[in-house]
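Have a look at the structure below, then the notes.
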Amino acid sequence: MRITLNDMLANIETTETELEKSVEERTSALKIALESSETANVYKAQIMSMVSHEMKTPLHAIGDICNYWLSVYRMILFSLKIEHYMQRH
């Protein structure tokens, strides 16, 4: 079987068309995947922002309560020290 120059050119053109189609399909799929990824990143950022805020609020309250009880403890300790000092003098 003899392949002519015209057959080779036709084969090259067919292969080129198939490759272009394949590249277009993959590019389209990648664009869709990129858009989905970008959307997911936006949602992730929103969720992290809300979680961060929701976690900070109770933590601040816990910190305030700890600071309150620490100041109460210090006042009691100071009172005991004064009482002890007064008893010695």
- [ ] Could you point to the label whose value was computed as Cα extents along the principal axes in Å for the structure here, given (1) 91, 38, 15; (2) 123, 22, 13; (3) 40, 28, 28?
- [x] (2)
Open item on the list: What is the angle, in °, between the Cα long axis of helix 5-88 and the longest principal axis of the Cα atoms in the chain? Nearest 10 is fine, range 0 to 90.
Closed with: 0 degrees
Open item on the list: If I build a Gaussian network model for the chain, linking alpha-carbon pairs within less than 10 angstrom, which residue out of GLU18, GLU54, GLU35 has the largest mean-square fluctuation?
Closed with: GLU18
Task: Top of ILE47, ILE65, ILE76 by mean-square fluctuation, Gaussian network on the chain, Cα under 10 Å - done: ILE76
Open item on the list: Run the simple label-point estimate for ASP64 and GLU18 please: 7 Å along Cα→C-beta, distance reported in nm.
Closed with: 7.1 nm
- [ ] Could you work out which residue, out of THR14, THR39, THR57, moves most in a Gaussian network model of the chain, that is, has the largest mean-square fluctuation with Cα springs under 10 Å?
- [x] THR14
Task: Positive-end residue of GLN46, ALA29, THR4, charge dipole of the range 1-61 with Cβ unit charges - done: GLN46
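Where a number appears in this text, it was derived from the coordinates with a stated rule and is not lab data. What you are looking at is a predicted structure, and each value in this text was computed from that prediction instead of being measured. Cβ coordinates were reconstructed from backbone atoms using ideal geometry, including for glycine residues, and neighbour counts include every protein chain displayed.
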